[in-house]
Amino acid sequence: MRRPVKFLAALMFAAGPAALSVAHAADITGAGSSFAAPIYEAWGAAAKRATGVAVNYQSVGSSAGQNQILAGTVDFGASDAPMDAAKLEKGSLFQFPTVMGGIVPVVNVPGVNPNALRLTGDVLADIYAGTISSWNDPKITALNPDLKLPDLPIATVHRADGSGTTFVFTSYLSRESQSWHDSVGAGSSIAWPGGVGARGNDGVAASVRNTEGGIGYVEYAYASRNHMTTVQLKGKAGDFVTANLDSFAKAADAADWKGATNFAVDLLDTPGQGAWPIVSATYVLVPKPPKDADKGEAVRKFFGWAFDNGDSAARRLDYVVLPASVKAAVRAAW
């Protein structure tokens, strides 16, 4: 279901007369990432109680979020796929991360319990390419000698909309499988070799849940809230890793934040024992300078409020919060 997520955001005012000048700033509109929608909704609800400034956020997918901020129809765009430097420059946009999270494969295989099934990146790529088409394929059973896997067709589910989650997932498959890299590649929208499409993280989750033999990929919060069956993935260190906040944080800790241009940090397959291999930041895009100074200030103040007050809500929703040093770098860039 893809209806707008309305949430209420806040202005964090300094004391004194200058604060009153932004108190009546226009309401803020944002659009994009479904990955980020739960945390922006939660931050907005908490900020509402503090200040009462309303924001309308539409969970329409990362590609639409990028397109809408480039077109100037929203005050901020949201995307899990970072925008490249040339496009940021041409569009006069500033990009910064807000939270991080894991992308997780979810399955609906009879008799398979959560985190019992083991997969590798290349096997996952072969599943989505259609070269592995049954759950008892020798490549899967070799990784799972203790599981009795059924002779059941695999039904792959992917995002039908332009999606940052798809960008992250297919970037991982391209990194793990040369054949996937050469024949399919990575992107927010790709020509899938097969399977069925669903709109949004919630649509993929619902399709897998309703399809025996199904496999899909969603942001971890959707899998967790829907009690879906997640899998273990082989990490860069060679160990099989379970998706959880700890394994996402280990991936984030190993990332090269200082070397990231426009905060577009690489969180895929980071080194270190226990690091989940498919982790991404989600990004906000704002115009520089803003077309409406009051709205631009309201957006900045809202995310400033979230950086100061939103970590507990993020953890509760299974996101990984930004390191304090990254928050400080974003504030300095603002």
Worksheet, complete the sentence: Per its Cα gyration tensor (rounded if a/c is under 1.5, else prolate when a/b beats b/c, else oblate), segment 100-140 is best filed as oblate
Worksheet item: Can you list the aspartates and glutamates whose alpha carbon sits under 19 Å from that of Lys48, skipping same-chain ones fewer than 8 residues off?
Response: Asp27, Asp75, Asp294, Glu297, Asp308, Asp311
Item to complete: With a/c under 1.5 counting as rounded, go ahead and sort segment 188-251 into rounded, prolate or oblate using the C-alpha gyration tensor (a ≥ b ≥ c being the square roots of the eigenvalues; past the cut-off, prolate if a/b is larger than b/c, else oblate).
Response: prolate
Discussion item. Can you tally the net charge around Phe307? Count Lys and Arg as +1, Asp and Glu as -1, for every other residue whose Cβ sits under 10 Å from the Cβ of Phe307.
Written reply: 0
Worksheet entry | Neighbourhood net charge (15 Å Cβ-Cβ; Lys/Arg +1, Asp/Glu -1) for Thr131 | -4
Worksheet item: What pairs from Lys295/Lys327; Lys90/Lys234; Lys148/Lys250 go past 29 Å between their alpha carbons?
Response: Lys90/Lys234; Lys148/Lys250
Worksheet item: How far, in degrees from 0 to 90, does helix 37-51 lean away from the longest principal axis of the Cα atoms of the chain, to the nearest 10?
Response: 30 degrees
Worksheet item: Where does the charge balance sit around Asp292 when Lys and Arg score +1, Asp and Glu -1, over other residues with C-beta under 15 Å from its C-beta?
Response: +1
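Laboratory data are not the source of any read-out in this text; all were calculated from the coordinates shown. It should be emphasised that the depicted structure is a prediction, and the values quoted were computed from it without experimental measurement. FYI the Cβ positions are ideal-geometry reconstructions off the backbone, even for glycines, and counts take in every protein chain you see.
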